[in-house]
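Structure record follows, encoded as structure tokens.
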Amino acid sequence: MTIRIDYSNMLAITDAEEGGGDDETGGIPERDWTAAAARFEQVFAEVERLYDAGMLGFLDLPDDNDLLLQTKDFAYEAGGVFDDVVILGIGGSALGPIALRTALRPSGWNALDDAAREGKPRLHVLDNVDPETIAALLGRLVLARTLFVVTSKSGGTAETMAQFLVVYERLEREGLDAAHQMVFVTDPERGALRTLSRKLGIEALDIPANVGGRFSIFTPVGLLPAALMGIDVDDLLDGAADMARRCESDVLRENPAGVFAMLQWIADTRFGRHIHVLMPYADALRDFASWYVQLWAESLGKIALDGTHVGPTPLAALGATDQHSQVQLFMEGPADKTVTFLAVTARSTDVTIPTAFPDVAELSYLGGHTLGELIDIEQQATAGALAKRGRPNMTIHLDTVDAWHVGGLVMLLELATIYAGELYGVNPLDQPGVELGKNFAYALLGRADAGDALREWDSLPKPDPRRSV
Ligand code: PA5
């Protein structure tokens, strides 16, 4: 079992391979790649310092037996009691559970009947405060058979608190006991959810203080919904631990997360490849790409130490679907992208394409192949075509989509994000840029402590009616 990154198409073809002449591959020249090794040693040392200072709590999660036990105990007690689980949360509290459901449960999980789900609950994740979605969901759930998992690291995010208030009031109105229908996942000490947990007698599972939202998939944020749905959380953590071990080397070429981060950073900062596409060729990994988008964007899009605005723009795509949508842009649009493919070697199911209509050229060549072969060959063809047009790309190969590989992939990209933060000169763990918008929203909603924000809002130029159509 392994996860392998093939980055041949990220590097420039050498003169010898090309038969001399100018490089038109758009790849990173070998000399830059060779020089990157020394830079990575510094990055690695700095990341070790961050770890020693206790800032990279997510690296300890695969070995955190307390959290695993909390999660397993709760999931065991909840077994058979609930038909539906609803995550109230947003951002890093929501994208991980969605990605795990799509990747690791059978396709169309929420539409399957109880027998097909082997008695495990459906999983709904709000990730927004759109009243139409929430009203529709609450309208169709049997509340007495529903568990609401209120997930917030800070324990005070406006959207999540609003979701909580709506659901709590609904439970009260229906005469249901919130202590039975709800569980909190939050910081062990801080925040309104922790206080409410004590006050209302609602059980609360921990997100360690040194683990932030988008790095929290291996805490009960991801583990609890996973365990409730019957996903093997031990395998998930084993895969993560294996990847963390593979990344213990300061030799760039031996460190998968280092390779990913360094290639993307060089491509962005030296060769103008500012957009980083993640393109799985498996529907099961579609939502994983959205999880990556948040991780890469919120962690790296920042003001660097030297005052410059930095950060790559991540983009999610899906193969083969987006070959009929975005790939045209990737091939012939601005040369400002890298594409990372996720390719799967063995799929749990395959379907043979029947042989029929031998006289119809558009159909006859397909017969006898499988859909798995078709999607794999399309991935290889797209990678080759991009390379041929000088569009750098790499492929992360997974043997299969299972808990072990998904755990490894999560750890690979989380660690790569930390290395990339170091390369860009930003703190990948914070998100100061979202504060101003949050404070304006507080001000407009009348929060008592938002007086300064209200004054700042009032001082902004008002919309000009002449600039409206
Ligand atoms: O990754 C992050 O830190 C954020 O996206 C948070 O997850 C998001 O803002 C929600 O925050 P919280 O978990 O505190 O409710």
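The values are calculated or read from the model by the stated rules, or taken from the named source; none is laboratory data. These figures come from a predicted structure and were not determined experimentally. Backbone-built Cβ (ideal geometry, glycine too); neighbour counts: all protein chains shown. Surface accessibility is based on the protein's heavy atoms, side chains included, excluding ligands, DNA and RNA. Shrake-Rupley method; radii C 1.70, N 1.55, O 1.52, S 1.80 Å.
Worth a mention:
- Cross-chain or 6+ apart pairs with Cβ under 6 Å, segment 72-94 first and within 16 Å of the ligand (Cβ to nearest atom), then in a strand (DSSP E or B) and open to solvent by 10 Å² or more (accessible area, probe 1.4 Å): VAL86/HIS124; ILE87/VAL125; ALA94/VAL125
- Once segment 107-164 is narrowed to residues that are of a type in the set (S, T, N, Q) and either open to solvent by 30 Å² or more (accessible area, probe 1.4 Å) or in a helix (DSSP H, G or I) (or both), the residue that is farthest from the ligand (Cβ to nearest atom) is SER107.
- Residues in segment 200-226 that are more than 11 Å from the ligand (Cβ to nearest atom), within 23 Å of THR417 (Cβ to Cβ) and small (Gly, Ala, Ser): ALA209, GLY222, ALA226.
- Flag for GLU169 being acidic (Asp, Glu), more than 16 Å from the ligand (Cβ to nearest atom) and either closer than 30 Å to ASP449 by Cβ or without any contact (Cβ under 8 Å) to a residue 40 or more places away in the chain (or both): yes
- Residues being within 15 Å of the ligand (Cβ to nearest atom) and either more than 20 Å from THR71 (Cβ to Cβ) or over 29 Å from the mean Cα position of the chain (by Cα) (or both) - total across segment 176-199: 4
- Residue match in segment 403-410 (condition: within 16 Å of the ligand (Cβ to nearest atom) and touching a residue at least 60 places away in the same chain (Cβ under 8 Å)): yes
- Residue satisfying condition, being within 24 Å of GLU248 (Cα to Cα) and either basic (Lys, Arg) or open to solvent by 10 Å² or more (accessible area, probe 1.4 Å) (or both), within set GLU422, GLU435: GLU422
- The residue pairs whose first member lies in segment 118-136 and is under 17 Å from SER290 (Cβ atoms), whose second member is among the basic types (Lys, Arg), and whose beta carbons are closer than 7 Å, counting only pairs six or more residues apart or on different chains, are LEU123/ARG101.
- Selection count, segment 49-90, where residues are farther than 17 Å from PRO225 by Cβ and open to solvent by less than 30 Å² (accessible area, probe 1.4 Å): 4
- Members of segment 439-469 that are assigned to a loop (DSSP other than H, G, I, E, B) and either charged (D, E, K, R) or open to solvent by 100 Å² or more (accessible area, probe 1.4 Å) (or both): ARG447, ALA448, ASP449, PRO461, LYS462, PRO463, ASP464, VAL469
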